[in-house]
Amino acid sequence: FFFVFEMEAVSAGFKRVLLDTTFADLFIKIGKETISAHRGIVAVRCPEICPLPDPTSKKKIKDKTTVSIKSIQNSSIFMKVLEYIYSGSVNFTTMTPEAIMELNKAGKIFNLRRLSYICEDYFQQNINLKNVFEILVAAHKLNEPTVKSFCKFFAIEHFNEFVMSIEGLHVLGIDLFQECVTAYLTFQATGSLSKVSLGEPPADTLLVDLQRLFKMMPYSDCKFFIEGEEVQCHKGILGANSDKFKMLCKDIPASGGPLNGISLDGFKSMLKYLYYGDDNIEPLPACELVAFARANDLRELLTLCENKIRNSIAKETVIEILEVAYQPEMAQKQDLVEELKSKTFPFVAENFKEIDLTPLRTRMNQKSVMIAADLILYLQDVHRKGQK
């Protein structure tokens, strides 16, 4: 369940990236139209369209940002290819049977085996008496033997209803109708009816590919300096997830710039979440990401970090979690504040001698003073109750 939810969340996130062309750096010409995309994403998902850069090559290859596709003439079909590249799925409900078959051909052209599989499987799962005639005509016209065999198998299995549809037979035409009758008579004579098998579905590599995107950062167009380290990323991914990041990325120079208010571990945890849905955020980065995610309107990440903190109270994390509860931004989340206090204060009381209070003593700002004061009051109350 959680894996499916993670896949759906990542898929939805990258559909947003596809639709937001603010930082597009790949321009694909289909006939007279030009479609905008993002080189890094396309390169890790479909190198046939945009190859990955080869850091080991000694040849100086021209950095291409414009690609002409001759094998596909329909830009709407190519947009569906990109929909699959970015999200690992395709919404077929708005497509005609002919368009889905064209998409199937495109999948074969670009070596997107899973795309071709889900196109053909869609027909296998959804053929019925209302659409079989239209699908059969399109499959015959576009020379799609697999889909055509699905239609003929369905026609044989439902032969009486099939031949009773006068409207459907008009759509089919005499030649295709005779072909179906011949297939039915052959079945009657031999008693043998075999259905074409698509075999096992090719693996869905969306998350694996997006992990490679994070590790390799091909065609990165943005870099931040955090704690003395350079961190590369893609403006398109950051900007599609947050308008605040979009504004930041527009202003950042090509040489990069500093990013304040977050540690290196916290920022990398955020990137892993945005790039491939990694929700294994350690408690301490989660603490600082609460304020950072709220400031940058990353609502899903904010909720994730708040839930992580709820369940991560330990000797090494309890003070940082307490500091989250005392952030000014938490004033509007009193339920979470009270929950954190109700869990952290008793934990501190039970493990007082083993908890390092140095962070509170060294910072000694207004927030630390408030935490210390409330802790002292709580510990005094516990002591009084213990004496009774």
Within the stretch 126-135, is even one residue outside the structural domain of LEU274 (by the TED database), within 30 Å of GLY13 (Cβ to Cβ), open to solvent by 60 Å² or more (accessible area, probe 1.4 Å) and modelled with pLDDT of 95 or more? yes
When you scan the stretch 217-230, do you find a residue that is part of a helix (DSSP H, G or I) and either open to solvent by 40 Å² or more (accessible area, probe 1.4 Å) or free of Cβ contacts under 8 Å to residues at least 12 places away in the same chain (or both), even just one? no
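One line per residue, one yes/no per condition, for (1) open to solvent by 60 Å² or more (accessible area, probe 1.4 Å); (2) at pLDDT below 85; (3) of a type in the set (Asp, Glu); (4) in a loop (DSSP other than H, G, I, E, B):
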residue	(1), (2), (3), (4)
ALA293	no, no, no, no
LEU302	no, no, no, no
ALA314	no, no, no, yes
VAL324	no, yes, no, no
THR344	no, no, no, no
MET370	yes, no, no, no
ALA373	no, no, no, no
HIS383	yes, yes, no, no
When every residue in the stretch 5-34 that is outside any helix (DSSP H, G or I) and basic (Lys, Arg) is compared, the one modelled with the lowest pLDDT is LYS32
If you take the residues in the stretch 152-191 that are of a type in the set (Asp, Glu) and surrounded by fewer than 15 Cβ atoms within 10 Å (Cβ to Cβ), which one is farthest from VAL132 (Cα to Cα)? ASP175
Among the residues of the stretch 264-277, count how many are under 18 Å from GLU306 (Cβ atoms) and open to solvent by less than 30 Å² (accessible area, probe 1.4 Å). 5
So which residues in the stretch 37-66 are modelled with pLDDT of 95 or more and assigned to a strand (DSSP E or B), if there are any at all? ALA37
Residue set ASN111, ASN104; condition on the phi > 0 side of the Ramachandran plot, modelled with pLDDT of 95 or more and not small (Gly, Ala, Ser); output residue ASN111
Taking the stretch 166-216 and keeping only residues that are small (Gly, Ala, Ser) and in a helix (DSSP H, G or I), one is left with GLY168, ALA183, ALA189
Apart from one, (1) surrounded by 15 or more Cβ atoms within 10 Å (Cβ to Cβ); (2) in a helix (DSSP H, G or I); (3) without any contact (Cβ under 8 Å) to a residue 40 or more places away in the chain all hold for MET247; the odd one out is (1)
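The values are calculated or read from the model by the stated rules, or taken from the named source; none is laboratory data. Here the structure is a predicted model, which means the values were calculated and not measured. We place every Cβ from the backbone using ideal geometry, glycine too, and count neighbours over all the protein chains shown. Side chains are part of the model used for accessible areas, which takes the heavy atoms of the whole protein and leaves out ligands, DNA and RNA. Shrake-Rupley method; radii C 1.70, N 1.55, O 1.52, S 1.80 Å.
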